[in-house]
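Everything below concerns the one structure shown next.
The values are calculated or read from the model by the stated rules, or taken from the named source; none is laboratory data. What you see is a predicted model; the values in this text were computed from it and never measured. Don't worry about glycine lacking a Cβ; one is built from the backbone with ideal geometry, like all the others, and counts go over all protein chains shown. The protein model used for the area step is the full one, side chains on, heavy atoms only, and it has no ligands, DNA or RNA in it. Shrake-Rupley method; radii C 1.70, N 1.55, O 1.52, S 1.80 Å.
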Amino acid sequence: MILSRYERMIARRYLLPGKGEAFIFLVAGISLVAVMLGVAALVIVMSVMNGFRAELFDKIVGLNGHAVVQGIGGRLPDWQDIVKAAQATPGVTSATPLIDQPLMTSYNGRVEAVLIRGMRVEDIRSNATINGKVVLGSLSSLNVGSNKIAIGSRLAEALGATVGSEISLISPQGQATPFGTVPRIVSYTVGAIFEIGVYDYDKAYVIMPLQDAQTLLLMGDDVGMVELQTENADRVEQILAPLNEKVQGRAVIADWRQMNAQLFEALAVERVAMFTVLSIIILVAVFNILSSLIMLVRAKTRDIAILRTMGATRVGLIRIFMTVGTTIGALGVLAGLILGFIFLFYRQGVVNFVQLVTGQNLWDPSIRYLTELPSKTDPVEIIVIALMALVFSFLATLYPAFKAASTDPVQVLRYE
């Protein structure tokens, strides 16, 4: 919108407080602050929601892959053939044999439920999700026959164990006796403690070499599943369609959507709902711009009439009041983006401060899944939020602008 010199001058005067116009300026200021808070709230909430999904996806997929080939009956005796077939499938980047088995563990009289994860030694050391999250010890100590394992940090806290502690794993698959099956109890030394950042994993996972897991569970050379990574997680179903035909009857393929369907669907629904609800805040803020402009038009009716008699056009007046309202909205959007980014940068500090002041645990990892408040800003969403607020602000200027342009100078100045 190109304004002439006098239109810019008048718009500038209307944006600044005049004598006896402090109330109008106050309403305009409130409008700006309302837009700022609405935009900041949308930016913060959407970034946190995106962060939740990204963090959960990265960490869940980092341990469970994009898909798994699960043996019928819980075992895959011919897993080597399945690994070769998977590696030959276009789009599959890796195929890793695994054993996942729920067991019990005990240490110093404390008993916890755990999930044994048996992996080849080279796969343990090359897994970025585990290798990059070791807080104590080293994964290099985990070798076949070394009798060493890695456990999650929350499990270590619950057991009171640390690196070097000997904990017992209890397997119900033991030796048969005349009095029934005797559970196998095998002691292992903690060689490393990791913290992935997902509470359920840090509380339950026990990582050990694949051959040691096979020995513990009396599985021979069998494995429980083969974990698959693909080039594109969103196309995993199409990529694995040829492999699905090859393993039919022997195993089933479950991708990350099926394994975590409820969690990711809930996040998607909540994301849309939060965006819709918080957009209403911006809409309410824009009504403040509308009301402040209506008040400004009423207060400046005499000035508008004089401008008309001096040659100001209707289109010129429309441009002036549209500029005033849109400027308030634009400044609010800019301030909101700045406020939102500042909050996101210090988000964990803000959470810790509120917890300190209120004495309440606002971020319980056992409920929130993650140990810290995540954030991931999507540039496209930021642009959409800014444009939406600007469009709403522009639409709010239409009625006051046309009202000002329709002012009849004859009627206003008749008794002057």
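Conditions: (1) in a loop (DSSP other than H, G, I, E, B); (2) touching a Lys or Arg at 6+ places or on another chain (Cβ under 7 Å). Residue 249 meets all but one. Number of the miss?
(2)
Please verify whether residue 136 is within 32 Å of the chain's Cα centre (by Cα), within 24 Å of residue 60 (Cβ to Cβ), among the hydrophobic types (A, V, I, L, M, F, W, C) and surrounded by fewer than 18 Cβ atoms within 10 Å (Cβ to Cβ), treating the condition exactly as stated.
So residue 136 fits the description; yes.
Among the residues that make up region 115-130, is at least one of them surrounded by fewer than 20 Cβ atoms within 10 Å (Cβ to Cβ), touching an Asp or Glu at 6+ places or on another chain (Cβ under 8 Å) and either charged (D, E, K, R) or modelled with pLDDT under 85 (or both)?
Yes: one or more hits.
Among the numbered criteria (1) in a helix (DSSP H, G or I); (2) modelled with pLDDT of 80 or more, which single criterion is violated by residue 377?
Against the list (1) in a helix (DSSP H, G or I); (2) modelled with pLDDT of 80 or more, residue 377 comes up short only on (1).
Among the residues of region 242-275, how many are open to solvent by 40 Å² or more (accessible area, probe 1.4 Å), within 30 Å of residue 389 (Cα to Cα) and of a type in the set (A, V, I, L, M)?
Within region 242-275, residues that are open to solvent by 40 Å² or more (accessible area, probe 1.4 Å), within 30 Å of residue 389 (Cα to Cα) and of a type in the set (A, V, I, L, M) number 6.
Can you name the residue in region 64-73 that is farther than 21 Å from residue 201 by Cα and assigned to a loop (DSSP other than H, G, I, E, B) and is also modelled with the highest pLDDT among such residues?
72
Any residue in region 63-84 that is at positive phi sitting within a Cβ distance under 7 Å of a residue that is in a loop (DSSP other than H, G, I, E, B)? List the pairs, counting only those 6 or more apart or interchain.
From region 63-84, the pairs are 74/224.
Got a sec? Which of 43, 48, 39, 83 is touching a strand residue (DSSP E or B) at 6+ places or on another chain (Cβ under 8 Å) and of a type in the set (Val, Ile, Thr)?
From the options 43, 48, 39, 83, the qualifying one is 83.
Among the residues of region 139-172 satisfying the criterion of being under 16 Å from residue 202 (Cα atoms) and either of a type in the set (Lys, Arg) or at pLDDT below 90 (or both), which is surrounded by the most Cβ atoms within 10 Å (Cβ to Cβ)?
154
Is it the case that region 212-232 has a residue that's part of a helix (DSSP H, G or I), open to solvent by 10 Å² or more (accessible area, probe 1.4 Å), closer than 16 Å to residue 96 by Cβ and among the aliphatic types (A, V, I, L, M)?
Checked region 212-232: no residue is part of a helix (DSSP H, G or I), open to solvent by 10 Å² or more (accessible area, probe 1.4 Å), closer than 16 Å to residue 96 by Cβ and among the aliphatic types (A, V, I, L, M).
Regarding residue 77, is this residue in contact with a strand residue (DSSP E or B) (Cβ under 6 Å, 6 or more places away or on another chain), farther than 19 Å from residue 121 by Cα and open to solvent by 80 Å² or more (accessible area, probe 1.4 Å)?
No.
Tally up the residues in region 279-305 that are more than 19 Å from residue 9 (Cα to Cα) and free of Cβ contacts under 8 Å to residues at least 24 places away in the same chain, please.
2
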